[in-house]
Amino acid sequence: MDNDRVASIIILTIIVTAIIVGGGVYSWQNVRYLEEKTDWTEKTEQWKNQVSTLEATLTNSQQSVEPLVTLSSNLVDGVFYENSDYGFTLEAPRDWRDYRLSVYHTDTADVLCFYFSATSPVCLFQINVYTPAEWAQLMPRPTYLAENNLYVFAYEKPESCSELSDFQCARLGEVSVIASSFQFIDDSLSNK
């Protein structure tokens, strides 16, 4: 009878220990899950706030649309863009002749957004202009273009054509060529 009682106590002890350990593991994982869920909820809210801030900045900022200049020399029906404020030029294929340009300022850069349609204003080619101090603190960085004594120039473009029309997608394929045409008007300012 004592052996049965000892066996019952051992079994009961094992069951109680398993329940306590199992409950502890469950509680630990539940707390961890809630922390991760809260973390992702906070990150999602931060991203939504950043998007709202960028949208508000874009909407509230003074946007200017710069006209396109067609150049007949060294480009065969292509287009030429000159920015005298920052002292650079770009050349683009002729299909870019109807582009639009939106210029605005964010917390970290001045932005020149090249796009085509007012109904679908996706930046196909975005030049960001940073001070050297802004560039030094920026992570992750967009693709570096060039720098001069005052500014660092970089560019961004959509990663895919998933939200673009066929025309926009074809123009997206030309962005690298346009970026490679970036030149300073006054080469003496260049730090290349």
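The values are calculated or read from the model by the stated rules, or taken from the named source; none is laboratory data. Treat the numbers as computed from the prediction; the structure is a model and nothing was measured. Here Cβ is always computed from backbone atoms with ideal geometry, including for glycine, and neighbour counts include all displayed protein chains.
For (1) of a type outside the set (S, T, N, Q); (2) assigned to a loop (DSSP other than H, G, I, E, B); (3) modelled with pLDDT of 90 or more, each residue gets a yes or a no:
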site	(1), (2), (3)
Asp107	yes, yes, no
Ala118	yes, yes, no
Val122	yes, yes, no
Ala136	yes, no, yes
Leu150	yes, yes, yes
Leu164	yes, yes, no
Phe167	yes, no, no
Ile178	yes, no, yes
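Table: residues versus (1) within 19 Å of Arg171 (Cα to Cα); (2) assigned by TED's automatic domain parsing to the domain that holds Leu172; (3) in contact with a strand residue (DSSP E or B) (Cβ under 8 Å, 6 or more places away or on another chain).
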residue	(1), (2), (3)
Arg100	yes, yes, yes
Ser120	yes, yes, no
Gln126	yes, yes, yes
Tyr130	no, yes, yes
Ala136	no, yes, no
Discussion item. So, Arg94, is that one of a type in the set (D, E, K, R), in the same structural domain as Leu172 (by TED's automatic domain parsing) and out of contact with any Cys (no Cβ under 9 Å at 6 or more places or on another chain) or not?
Written reply: yes
Worksheet item: Of the residues that sit in segment 66-97 and are over 17 Å from Ile185 (Cα atoms) and loosely packed, with under 11 Cβ neighbours inside 10 Å, which one is modelled with the highest pLDDT?
Response: Val76
Item to complete: Could you check how many residues of segment 139-182 are over 18 Å from Tyr99 (Cα atoms) and either buried (at least 16 other Cβ atoms within 10 Å of the Cβ) or in contact with a Phe, Trp or Tyr (Cβ under 7 Å, 6 or more places away or on another chain) (or both)?
Response: 10
